[in-house]
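The values are calculated or read from the model by the stated rules, or taken from the named source; none is laboratory data. Treat the numbers as computed from the prediction; the structure is a model and nothing was measured. Reconstructed Cβ throughout: ideal geometry from the backbone, glycine too, with neighbour counts over all protein chains shown. Heavy atoms of the whole protein, side chains included, go into the accessibility calculation; ligands, DNA and RNA do not. Shrake-Rupley method; radii C 1.70, N 1.55, O 1.52, S 1.80 Å.
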Amino acid sequence: MLKATFMGHSCVLVTDSQYNIIIDPFLTGNPQAKIKAEDIKVDFILVTHGHGDHLGDAIEIAIRNKAVIIAPNELAVYVSKLGAQAHNMHIGGAYNFPFGRVKLTIAHHGSAAGDGLIYTGNPCGFLITMGGKTMYHSGDTGLFYDMKLIGEMNKIDLAFLPIGDNFTMGVDDAIKAVEFLQPKKVVPIHYGTWPLIDTEPEEFATKLKGSKSQVVIISPGESVEA
Ligand code: NI
Ligand code: MN
């Protein structure tokens, strides 16, 4: 069993009822967030890249929970310097953590912290196997053809994909991504947080009607099970 709760924007809290992990914990300053960073209790924190709307409250949550941040090497080095425990990884590599297996995938995007002044290497996506299920969180990315390979090599039960356009895939590219990845369920994220990324999740769902993938539109605070 794997239960994923959408926390707004790109943030997802995942549990197998034993371990709790959070991905891209941007809560402070997130207009969609329903919960405060100080109320988050987790064992691990996964961060796709250094942008403020993803790194978010990761360092504070890590220190308070004595939780480890899992991130691409350069970003892991950055959070370590600021006092958080980190597990450094890089694209293509996987590791078995107590809660499950994490593999870093490519993402076509940037990665910088400290108001964009500190370069934090390459961004990533995460393939997470936990509670007997496989979940894919693409991070911020444009569409890339290797998603087809990710879909061929992994039986994805649940995918979280950005549809907000401007900084990431928009609706039509995300639909192509679903075609490549073939997830059982897909949840659109990274839209509507600000006017600049105000796309329609209903359009995403309508255009995917009849496909093998079930589109699940959830509001912040709501969960989906895989
Ligand atoms: Ni970004
Ligand atoms: Mn972003």
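For this structure, a couple of remarks:
- Between Leu181, Pro31, Leu196, the Cα set farthest toward the positive side of the dipole of region 3-225 (charges on each charged residue's Cβ, about the Cα centre) is that of Leu181.
- For region 98-226, the solvent-accessible area of protein heavy atoms averages 45 Å² per residue (probe radius 1.4 Å; ligands and nucleic acids excluded).
- Packing-based order for 100-107, 215-222, using average beta carbon neighbours within 10 Å, highest first: 100-107, 215-222
- Euclidean distance of C-alpha centroids, region 199-213 and region 140-185, integer Å: 13
- Surface composition of region 39-135: carbon and sulfur atoms hold 52% of the protein heavy-atom accessible area at a 1.4 Å probe.
- Solvent-free Debye scattering, log10 I(q)/I(0), computed from the Cα coordinates of region 1-60 at q = 0.13, 0.17, 0.20, 0.25 Å⁻¹: -0.28, -0.47, -0.66, -1.01
- Under the convention that each Lys and Arg Cβ holds +1 and each Asp and Glu Cβ holds -1, the size of the dipole of region 1-41 around its Cα centre is about 100 debye.
- From its DSSP helices (H runs of at least four residues, each -39,500 (n - 2.57)), the chain gives a residue-normalised ellipticity at 222 nm of -5500 deg cm²/dmol.
- Cα-based equivalent ellipsoid, region 3-225: semi-axes from gyration tensor eigenvalues, Å: 25, 18, 17
- Average Cα contact separation per residue, the chain, under 8 Å, 6 or more apart, as relative contact order %: 18
- All Cα pairs of region 122-226, percent lying beyond 24 Å: 15
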